[in-house]
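Enquirer: For reference, the structure I am asking about is given below.
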Amino acid sequence: IANKRAGRGYQYKIAKRLGGKSVGTIEGQDISHPLFSFEAKKRKSFVGQKFMSQAVKNCPEGKIPLVIVHETGQSHDNDIVIIRLINWEKLIKDLKINE
């Protein structure tokens with residue numbers, strides 16, 4: 001129950017930050033947004049942090065570090081892109097979808 005509460009609190013916080021609405025599982029998504037459908041996950045640890053640390057370390061100044069993860073045997077169309085929230089917000093800022 002404590003984990004669910006923490007997860008919902010995280011969903012609410014991120015929804016507010018991104019201009020969306022925390023809807024939990026009511027609509028089959030965590031956060032409803034005019035353009036995006038978000039699943040918000042809160043974890044004590046996540047292997048993707050190691051990948052991102054490497055991307056940041058190797059990222060030339062002035063560029064945005066990204067991680068692309070491919071699962072062997074799957075289509076590259078299904079690869080997952082990881083970006084830090086602050087950088088993602090900068091990228092979508094020009095779309096003016098948070099207003």
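The values are calculated or read from the model by the stated rules, or taken from the named source; none is laboratory data. Given the structure is predicted, the values throughout are model-derived calculations rather than measurements. No Cβ is skipped: glycine too gets one built from the backbone with ideal geometry, and neighbour counts run over all protein chains shown. SASA here: full protein model, heavy atoms, side chains in, ligands and nucleic acids out. Shrake-Rupley method; radii C 1.70, N 1.55, O 1.52, S 1.80 Å.
Enquirer: Whole-Hz ³J(HN,Hα) for each residue in the stretch 67-73, computed from phi via Karplus 6.51 cos²θ - 1.76 cosθ + 1.60 with θ = phi - 60°, x for glycine and proline: what do you get?
Expert: Karplus values, whole Hz, x for Gly and Pro: 10, 10, 10, 10, 9, 3, x.
Enquirer: Continuing with the same structure: How large is the accessible surface of LEU91 in square angstrom, using a 1.4 angstrom probe and rounding to the nearest 10?
Expert: 100
Enquirer: Show which lysines lie in cross-link reach of LYS93 when reach means a straight Cα distance below 20 angstrom and same-chain residues fewer than eight apart are skipped.
Expert: Partners within reach: LYS13, LYS16, LYS21, LYS63.
Enquirer: Using packing as a proxy for protection, rank 72-85, 36-49 so that the peptide with the highest average count of other Cβ atoms within 10 Å comes first. Don't skip to the end; give the middle numbers.
Expert: Numbers: 72-85: 9.6, 36-49: 11.4.
The packing order, highest mean first, is 36-49, 72-85.
Enquirer: Output the direction-averaged projected area (hull surface divided by four) of the convex hull of the alpha-carbon atoms of the stretch 54-98, in nm².
Expert: Mean orientational projected area (the stretch 54-98, Cα hull): 4.4 nm².
Enquirer: Which parts of the stretch 59-93 would a label at ASN3 reach, counting a residue when its backbone N lies under 11 Å from a point 7 Å out along Cα-to-Cβ?
Expert: none
Enquirer: Take the Cα gyration tensor of the chain, multiply each eigenvalue by 5, square-root it, and list the three semi-axes largest first, rounded to whole angstrom. Numbers along the way, then the final one.
Expert: Working: eigenvalues 121, 68, 44 Å².
Its equivalent ellipsoid spans semi-axes of 25, 18, 15 Å.
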